[in-house]
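The values are calculated or read from the model by the stated rules, or taken from the named source; none is laboratory data. As the structure is a prediction and not an experimental result, all values here were calculated from the model. Note that we place each Cβ from the backbone using ideal geometry, even for glycine, and neighbour counts take in every protein chain shown.
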Amino acid sequence: MIRLFSARPSAPSASSPFSLLLLSRRGAAASALVPSSLGALLFAKPSPHSPRLLVTVVRNTNTASEASSTYCPPPTEAMNIHSLADQAKSYVHGCSEQPLLFETIAERLRMAARKFPSREFVIFKREEIRKNYRDVLADSERLAAGLVHLGMEKGDRLGIWAPNKYEWITAQFASALGGFVLVNVNPMYHSEDLCYAIEKVGIKTLIAPPTFKRTDYYGILRELIPELEGAPRGDGRLCTDAFPKLRNLVIFDAEKRTFNGAWSYDAVMGMGTADDRRKLEQYEASTQPDDPCNIQYTSGTTGKPKGATLTHHNILNNAFFVGLRAGYADHRTLICIPNPLYHCFGCVMGSLAALVHFQTCVFPAPSFEPLAALQAIHEERCTAVYGTPTMYIDMMSHAEYPNFDYSSVRSGIVAGAPCPVTLCSRLVNELGMKDLQVCYGTTETSPVSFMSILDDPPEERIRNVGHIMAHLEAVIVDKEGRVTPRGQRGDLLVRGYSVMYGYWDSTIHSSSDVAKDRWYRTGDIGVMHPSGTVSIVGRSKDMIVRGGENVYPTEVEQFIDRHPAVADVHVIGVPDNRYGETICAWIRLKNDATVSGEEIREYCKGKIAHYKIPKYILFKDVSDFPMTVTGKIKKFEMREISLRELGLEKVRSHYSE
């Protein structure tokens, strides 16, 4: 048996019958063009769960062996026949009979509101808010028109700095309607991070709550923007030296209070005039699928977050194919989403995947609460559940976990960090996730590149990150950039529609992580198995993944280094039972300086996100730091020393399994 893989593009021969076959769009017509010497080309029926492989050639038989889906390449592509020996290369191409979408998020929202106007789209349990597709469209239109009234134009950046609230959803879709670029600002950011996030991409309007839990959002803004103190209440027009491009501040508040220098969200919802609505229609009509629509901050190797800029085409298609592989096109689905909306797990795999398949999102609480998630599954009869390994561990460790009914659960997705096999087994056997799937991706790839296929047995699904997504390519290369044999580890690269537009830096610019031929370097070390599935075995970059949150050591190092008592600091990740990894800092103090680890942590609190604050702080002399002959810190040795000193040698991270 010979299987056909999609190869790198090459010019087909017009005279070749096989080339004619490959350029044909439909399988039925194409089969007649196969020369008899090749045998029968058999097209398997497409499966929405299995867009992996493709076309099967079988000699002298009339029955097809299993193939994941039919693939009829468009005229611009060519296919080459590869022998089984060629399949030993660490390269895969996910093909599918299902074409890519070419539409905007606004177009899909209008389609959903037209087809299923009264179907519930979002449910926010804590606030007791239930909105159908017609409601979400109407509310998003009102907000978008109000923002146009405030001076927002197509291409302007709209920042949303908030936990999981309904206002987040309206901002997401108002941005799509107006052709604005939504900027996801981590709700755990404090003054240092927020200042950078606003400046980096030139946010023009920022939407936020006044407070949430222990975070005083408005207080942080007042600290950064002194002009707020004397500004009139309920008037959010800004002209501040701190942020020259920031023109409007909008505060949403359940208690309906007004704040100095800030528009109230409710007031903005009612500001749109007939002229504003006409402008909005023009902005929406001129917005194209390839236009940027979302900036998601991702940790940068330079020590500061970078704004990965994604288009409608990027994220709408990724949401579509994630939902397709998860079976959302086949079943009525209610997705429990305890993940934050600011993260691509929440706003792409969550709200957008539900939208493109006309399904329902259930948000248990504004931020992750294990009990709230369990209650939401029970009360709403959720059929699918999302979470990082840490979230699932916390949910299943909760004292109330045995007291709820999970019989409605059919499927679940685990992503954000490597998942222990033992945890996956519990999710299948205890929580009822018979259709559990593992996803892998990065913010820069919209995000999902690999995902389990339901046709694979459960024990196979939980041992790797799955198969390449439809219409994407992946390759594993060695340090010289050569493709490795399957089974050999190397750097994982991804290419296709999902690769970001670029990083935003006042203007769009190309990234060193994206090569001229559009391969994106993920920074992860992977191994490709004979089946084409991939396992992630480590990271070529120094990024720390703490409970699904990405932290680059340089980002934390640069902040702690500003402490007056600190002479030098280096940060590493160490294993943690709950979070997979947590942060350990080695600090060398200045001569005669004295400071405790707790004082360092207090210095960080309120300035950087809490997940970036080191759990472990070790004070060291200059001679304690392991270095190369060229003077570079050997962080691998630092980690080994830390494990011994902290007694963590037996602690297993998610990467250990």
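Of the numbered criteria (1) at pLDDT 95 or above; (2) over 33 Å from the mean Cα position of the chain (by Cα); (3) more than 18 Å from ARG562 (Cβ to Cβ), the one LEU648 fails is (2).
Could you check region 224-331 for strands (runs of 3 or more DSSP E) lying wholly inside it with 3 or more residues that are out of contact with any Leu (no Cβ under 8 Å at 6 or more places or on another chain) and surrounded by fewer than 22 Cβ atoms within 10 Å (Cβ to Cβ)?
Because the criterion is at least 3 residues that are out of contact with any Leu (no Cβ under 8 Å at 6 or more places or on another chain) and surrounded by fewer than 22 Cβ atoms within 10 Å (Cβ to Cβ), no strands (runs of 3 or more DSSP E) in region 224-331 meet it.
Scanning region 443-495 for residues that are among the acidic types (Asp, Glu) and closer than 22 Å to THR298 by Cβ gives GLU444, GLU473, ASP491. Looking across region 337-351, just one residue is aliphatic (A, V, I, L, M), in contact with a strand residue (DSSP E or B) (Cβ under 7 Å, 6 or more places away or on another chain) and part of a loop (DSSP other than H, G, I, E, B), and that is ILE337. Taking region 462-484 as the range and being out of contact with any helix residue (DSSP H, G or I) (no Cβ under 7 Å at 6 or more places or on another chain) and under 21 Å from ASN318 (Cα atoms) as the test, the residues that pass are ASN464, VAL465, GLY466, HIS467, ILE468, HIS471, LEU472, GLU473, ALA474, VAL475.
Across region 124-161, the number of residues qualifying as farther than 21 Å from THR273 by Cα, buried (at least 23 other Cβ atoms within 10 Å of the Cβ) and not hydroxyl-bearing (Ser, Thr, Tyr) comes to 4.
Of all the residues in region 352-397, those that are assigned to a helix (DSSP H, G or I) and either closer than 20 Å to ARG134 by Cβ or not aromatic (Phe, Trp, Tyr) (or both) number 24.
Scanning region 520-542 for residues that are surrounded by fewer than 19 Cβ atoms within 10 Å (Cβ to Cβ) and in a loop (DSSP other than H, G, I, E, B) turns up HIS529, PRO530, SER531, SER540, LYS541, ASP542. For region 475-482, the condition of being surrounded by 20 or more Cβ atoms within 10 Å (Cβ to Cβ), in a strand (DSSP E or B), within 17 Å of the chain's Cα centre (by Cα) and touching a residue at least 60 places away in the same chain (Cβ under 8 Å) holds for none of the residues. Among residues that are under 29 Å from LEU101 (Cβ atoms), among the charged types (D, E, K, R) and not in a strand (DSSP E or B), GLU444 is included.
Scan region 425-441 and give yes if some residue there is touching a His at 6+ places or on another chain (Cβ under 8 Å), at negative phi and not charged (D, E, K, R), otherwise no.
no
Among all positions in region 222-230, there is at least one residue which is β-branched (Val, Ile, Thr) and free of Cβ contacts under 8 Å to residues at least 40 places away in the same chain. Taking region 322-376 as the range and being under 23 Å from VAL465 (Cβ atoms) and among the aliphatic types (A, V, I, L, M) as the test, the residues that pass are VAL322, LEU324, ALA326, ALA329, ILE335, ILE337, VAL348, MET349, LEU352, ALA353, ALA354, VAL356.
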